[in-house]
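The values are calculated or read from the model by the stated rules, or taken from the named source; none is laboratory data. Computed from a prediction, not measured in an experiment: that's the story for all the values here. Backbone-built Cβ (ideal geometry, glycine too); neighbour counts: all protein chains shown.
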């Protein structure tokens, strides 16, 4: 009755936490990766004006020309090599869907940097590829040599089974979810060079590109003219519910992604596109400064509570190590005390960490870490 492709899919653990939180009387929610600031007033106004002006019909599949032109200029200024091929997509997840369906199938291995965003493995199942996990523990950064070692290990495994090497795809995410790690330009350049030598096709998930706290964002697309770059307005504009992002890719891939969008999403919400055109002109530096301050706050609170972690320099996540061996009990006590955090096993092959979102307001952060500290002291 059901297609095989859906029978092995797992429901989102984060969405289960979201639904659990709705049932709690007074949850302290450090689980969801969505900003707590609202859409800028000028952006709301632009979307409303579009609706009132009758801009409610289908748009070209790739998006309204005005938005695409502005996005192309933005990407060109940032040095992204495929800036001329830009399309509006249904959020970052929609863009990654299109990219994987365009380039991945049973003939490809998709390499994931562990820990990684929990959507990736499920999408890889949908397209029929095999996920190959590359551990980035303990500092959550992969090196060129680490990438080479992962390829050598995988191809040795295939050879032992009498299977020829498969095509290689890498999903790269910087700034990262769940770790908050953002790679420097030198690090991305070195990885791109090695990936090219190893004949990787790369999908660069850059939905947190605006949330870099210590350095300028480095796009994989600056160093690789065959990369697929995915970005989103969801985080930047405080509009995750609008479901809008954009993607750029080399022409041969871009054309296929566009074709796929014709038969899936058709086009993206028309008023939202006009709103996002206004967002590109809107200064949100005060938001980034606020989140930089929250990064400092969460690190300070965790230091005081005795938690170990790798300091994040991007996105709005931090991935502390569990302070106790009894991880299941730790997680259960969090739920009993109405504290929502995300267990690391949802993102990783190992279960040594948990994800906190510091997109919550400072008072919620203080309450959350206080509960974490109490639980840790109780179990130690």
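Observations, loosely collected:
To keep it simple, each residue is scored yes or no on (1) touching a strand residue (DSSP E or B) at 6+ places or on another chain (Cβ under 8 Å); (2) free of Cβ contacts under 8 Å to residues at least 12 places away in the same chain; (3) surrounded by 18 or more Cβ atoms within 10 Å (Cβ to Cβ).
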site: 136; (1), (2), (3): yes, no, yes
site: 142; (1), (2), (3): yes, no, yes
site: 156; (1), (2), (3): no, yes, no
site: 162; (1), (2), (3): no, yes, no
site: 168; (1), (2), (3): yes, no, yes
site: 171; (1), (2), (3): yes, no, yes
site: 179; (1), (2), (3): yes, no, yes
site: 191; (1), (2), (3): yes, no, yes
site: 196; (1), (2), (3): no, no, no
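- Conditions (1) within 20 Å of residue 235 (Cβ to Cβ); (2) assigned to a helix (DSSP H, G or I); (3) over 15 Å from the mean Cα position of the chain (by Cα); number of the one not met by residue 99: (3)
- Single unsatisfied condition, residue 377 versus (1) within 30 Å of residue 42 (Cβ to Cβ); (2) free of Cβ contacts under 8 Å to residues at least 40 places away in the same chain: (1)
- Flag for residue 50 being outside the structural domain of residue 268 (by TED's automatic domain parsing), under 25 Å from residue 276 (Cα atoms) and in contact with a helix residue (DSSP H, G or I) (Cβ under 8 Å, 6 or more places away or on another chain): yes
- Residue in the range 25-34 that is out of contact with any helix residue (DSSP H, G or I) (no Cβ under 9 Å at 6 or more places or on another chain), loosely packed, with under 13 Cβ neighbours inside 10 Å and not assigned by TED's automatic domain parsing to the domain that holds residue 319 present: no
- Total residues in the range 216-255, condition surrounded by fewer than 20 Cβ atoms within 10 Å (Cβ to Cβ) and touching a helix residue (DSSP H, G or I) at 6+ places or on another chain (Cβ under 6 Å): 1
- Against the conditions (1) within 20 Å of the chain's Cα centre (by Cα); (2) surrounded by fewer than 18 Cβ atoms within 10 Å (Cβ to Cβ), residue 341 satisfies every one except (2).
- Among the residues of this structure, residue 258 counts as one that is over 21 Å from the mean Cα position of the chain (by Cα), surrounded by 16 or more Cβ atoms within 10 Å (Cβ to Cβ) and under 21 Å from residue 83 (Cβ atoms).
- Checked against the criteria, residue 281 counts as at pLDDT 95 or above and either closer than 17 Å to residue 39 by Cβ or surrounded by 16 or more Cβ atoms within 10 Å (Cβ to Cβ) (or both).
- Residue in the range 304-324 that is without any contact (Cβ under 8 Å) to a residue 60 or more places away in the chain, closer than 18 Å to residue 140 by Cα and in a helix (DSSP H, G or I) present: no
- Scanning the range 347-368 for residues that are within 28 Å of residue 136 (Cα to Cα), assigned to a helix (DSSP H, G or I) and touching a strand residue (DSSP E or B) at 6+ places or on another chain (Cβ under 8 Å) returns a single hit, 368.
- Test: residue in the range 73-81 that is outside the structural domain of residue 351 (by TED's automatic domain parsing), buried (at least 23 other Cβ atoms within 10 Å of the Cβ) and within 18 Å of residue 252 (Cα to Cα): yes
- Scanning the range 63-93 for residues that are touching a residue at least 24 places away in the same chain (Cβ under 8 Å), in a helix (DSSP H, G or I) and closer than 20 Å to residue 192 by Cβ yields one hit, 75.
- Test: residue in the range 268-284 that is assigned to a loop (DSSP other than H, G, I, E, B) and within 30 Å of residue 367 (Cα to Cα): yes
- Of the listed requirements (1) closer than 18 Å to residue 95 by Cβ; (2) assigned to a helix (DSSP H, G or I), residue 190 misses just one: (1).
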